[in-house]
Structures are given as C-alpha cells and as structure tokens.
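**Student:** The structure follows.
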Amino acid sequence: MGGSAHRNARPVGLITCVAAALPAGLQLIERPAQLAEPRWLAWAGCLAIVVFVVGAHDNRWSLRRSVSALAAASAAAVAASWLVPSALQGALLVVIAGILGLASMPRAGLWVTLQTLGFSVPIVRAWGVEDGLPTALGFFVFQLFALYAGVTAERERRGREMLERVNAELDGTRGLLEASVREAERLRIARDLHDVLGHHLTALALHLEVARHAPDAGRAEALAIAESTARRLLGEVRGVVGRLREDRPVPLEEEVAALRRAITRPALEIELAEALESRWSAETLEAVLRALQEIVTNAVRHAEATTLHIVVDDEDGDLVLSARDDGRGFDVDAVPVSGLGLQLMHERVGRLGGSVALDSRPGDGLRVTIRLPRLTPALTSLTADGSGTAS
C-alpha cells in the first residue's frame, strides 16, 4: 500500500501481530519460567522476526528484498505455530498475505496455500481434525481476502504514482510550450521593431537630408514629410511596444499552489520569499517558475524521492532557488545531464546571466542551486536574420 494508506496499514499490522501472540503471552505471564526454555525462546525469536518485517517493510523496496523479507516472516510465523500451537497465531499469516500484494496474484495465492498448510498441521495435531481443520480453513479464507485487498491497494498506488508522473510531465510540457510561445512572440516583436525602425528611420533620414540641401521653398515641404514620417514611426513603435505590455507578472504563488495540489509524492516543501513579483522582472520569475517545474518533474520521474524541499529567496542581490530531494541521486561527474528539460533550464537561466549548479551522489539525493542576478545583460539590436548587428 502507498501513501497514507501504507502508513495506516503498518500500525494495524503490528497491532494484529501483538493480538495474535496474546494467548501465548498470557501463558508466559502465568508461568514466566517458561521463557528460559529453548522452545519459548525460539517462539519469541520467530515472533520478533514477523514484527520486524511487518514494521520495516516499505513498498519502495526492490522485489528481491521484499520477497526475501516476506519469506523469512512467513517461515517464522509457521515455525511459531509449531513451537507454541495457538489458533490465533493464524492472524500472522493474514498480515503477511496483506503485504503480498506486491507479488503477482497466482504466485501470491500459491504462497498463501503453502503457509496455510504449514500452519494447519500443528493446529490439527493440537486440537484435532474437527476443531483444527475449520480453524485453518477459516484463516485461509481470511488470507485470500487480505491478499485481494493488498493487490487492489498496490494497483491503486501504482496507478496514482503513474498519474502523478503524467501530471508532472504535462506541467513540464506546458511550461516548455509557454516559454517557447513567449520566446517566439518576443522574436517576432523584435523583428517588427527592426522592420519598423529600419524603414521609417531610413525615410526620415532621407527627407531630413533633402530639407538640409533644399532651397527655402522646398525645405518646408521636406520637413513636413519628415514630421509625418516621425509621427507614423512613433505610432507604429507604440503599437509594437503595446504588445510587450501584454506580459503580466508571473503568478508564482498560484503556480506553486497548483503544483502542491497536483503532486503528492514526493511531498513538496516549497518556501517563497514575500512579494517577489514586486521586486523581480516577469522574465526572471518566468525562469524561476520553469526551473521549479523542471526540478519537480525530475523528482517525480527519476529521483524516487519522498520529499523535495525548495526555497526561493533574495540573497546578496540575486534571486536564488535552492532545491534538494532525498532520492536515489547519481554521480554528477559520471552521468551526463543531457535531458531536454535540464538543457532548456540551463539555457534560460544563462540568457539572464544566471548560473545552475548540480550536486549529487548515489544514494544521497540531488541538490540544485540556481542564481539569477537582478540586472540582466543588455539586449543587442537584431537584424532581420538575427545576426545581432545594427542596420
């Protein structure tokens, strides 16, 4: 089971283990000297193994580790019923069957059958066929029910995790698409400005040159044309710049709230400094938002983390995003960071004069530090082909 369901199932399983050991425990309370007998010591050891596996088992374990731990718990539960026969100890098998949802249904069913057979022999020997066999069959039915519930919960957990990964990927794709559209719009506006300024300034310069050399009679006409050209130029520049004003401040807090609602694993701990929108440009906040979305996407898809902590704050005149997760990590020097999202994050931050630093080791999570300066590099004038020279 995953998430809150898994956290709730663990104490229930432990309480069930204690309840299953209660009859034998009452015998020890009445006769504490029995605890020194090898049979009772072995029983206590078997019970401890079951309790440890139930308490420590995690759905993030590898399949081999889970199977090994559950096999040990199952063998210990059967051995406990042989050492100290007690019908209620069949509840230990029910708890183990509930955890077996990680395995495929046919194999888990065979597992339940075998451990029930191992449990039924000492119970039948101790209580007889009439009493022991119905008890064993009853616990077999309980195990099948627990197994079905465990399989259903595991499927739901995997479906939920897959849905979260898809949501994270969609958020990242949406961010990349918005950034691409915004970049294309800015390039179009820059080209419009170049075309408008280039055409009208050239015409204005020609008419002013004519006015400078024209006789008095023609000078007024040339100046009138130059004035008209200047007015048209001003009007068209205002129109182009008006499109730039359509950019609204980036709703960083709203986007972060949406991320918190969409992502449940890993648990997001995001701290934002107050009033960032009033102190930083929309372009800088856009870069921070897209970087934040990319970091969350990578944590969901690759890190296998349970917690992701992100802080966005002012530091020494820069806007700094610090993120760390408790995922599996990787060797930064040995594994090239070539994902499209990370490349675009580096490029976007680099265009604003910022820097991106990654720090990670296998088993030690990932730390990302992004630093953006308050003053961005001046934009060069663009030609129609984007060469960066003035015309």
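Computed from the coordinates by the stated procedures, all read-outs in this text should not be read as laboratory data. Just so it is clear, the model here is predicted, and its values are computed rather than measured. Cβ: placed from backbone, ideal geometry, glycine included. Neighbour counts: every protein chain shown.
**Student:** Determine, at each q value in 0.28 (inverse angstroms), the log₁₀ of I(q)/I(0) that the Debye formula gives when each Cα of the range 4-54 is one equal point scatterer.
**Tutor:** -1.07
**Student:** Further question on the same structure: Mind computing the radius of gyration and Dmax over the alpha-carbon atoms of the range 260-351? Å is fine for both.
**Tutor:** Looking at the range 260-351, its Cα Rg and Dmax stand at 13.8, 41 Å.
**Student:** Can you tell me which of 344-351, 273-280 comes out highest on packing, and rank the rest after it, using the mean Cβ neighbours within 10 Å?
**Tutor:** My ranking of the peptides, most packed first, is 344-351, 273-280.
**Student:** Once you have the alpha carbon radius of gyration of the range 269-321, what is it after dividing by 2.2 N^0.38 Å, with N set to its residue count?
**Tutor:** With N residues counted in the range 269-321, Rg over 2.2 N^0.38 Å equals 1.23.
**Student:** Residue separation times 0.36 nm, minus the C-alpha to C-alpha distance between Asp364 and Ser180: what's the value?
**Tutor:** Length gained, Asp364 through Ser180: 62.9 nm.
**Student:** Let me ask you something else. How big is the charge dipole of the range 31-132 about its Cα centre, in debye rounded to the nearest 20, if each Lys and Arg gets +1 on its Cβ and each Asp and Glu gets -1 on its Cβ?
**Tutor:** Dipole of the range 31-132, to the nearest 20 debye: 320 debye.
**Student:** When averaged across all projection directions, what area in nm² does the alpha-carbon convex hull of the range 106-159 cover?
**Tutor:** If I average the Cα hull's projected area over directions, I get 3.7 nm².
**Student:** Which order do peptides 9-16, 111-118, 323-330 fall in by mean Cβ count within 10 Å, highest first?
**Tutor:** Answer by packing, highest mean first, reads 323-330, 111-118, 9-16.
**Student:** Can you give me the long-range amide H partners of Ala267? Hydrogens built in the peptide plane at 1.01 Å from N, cutoff under 5 Å, separation of 5 or more residues or another chain.
**Tutor:** Counting only residues 5 or more places away or on other chains, the set is Thr307, Leu308.
**Student:** Which ³J(HN,Hα) values, rounded to whole Hz and listed in residue order, are derived for the range 35-40 from phi using the Karplus coefficients 6.51, -1.76 and 1.60 in 6.51 cos²θ - 1.76 cosθ + 1.60 with θ = phi - 60°, glycine and proline given as x?
**Tutor:** Karplus values, whole Hz, x for Gly and Pro: 4, 7, 6, x, 4, 6.
**Student:** Also: Using the Cα gyration tensor of the range 148-187, with a ≥ b ≥ c the square roots of its eigenvalues, what is the shape: rounded (a/c below 1.5), prolate (a/b larger than b/c) or oblate (neither)?
**Tutor:** prolate
**Student:** Can you give the alpha-carbon Rg of the range 28-182 over 2.2 N^0.38 Å, where N counts its residues?
**Tutor:** 1.43
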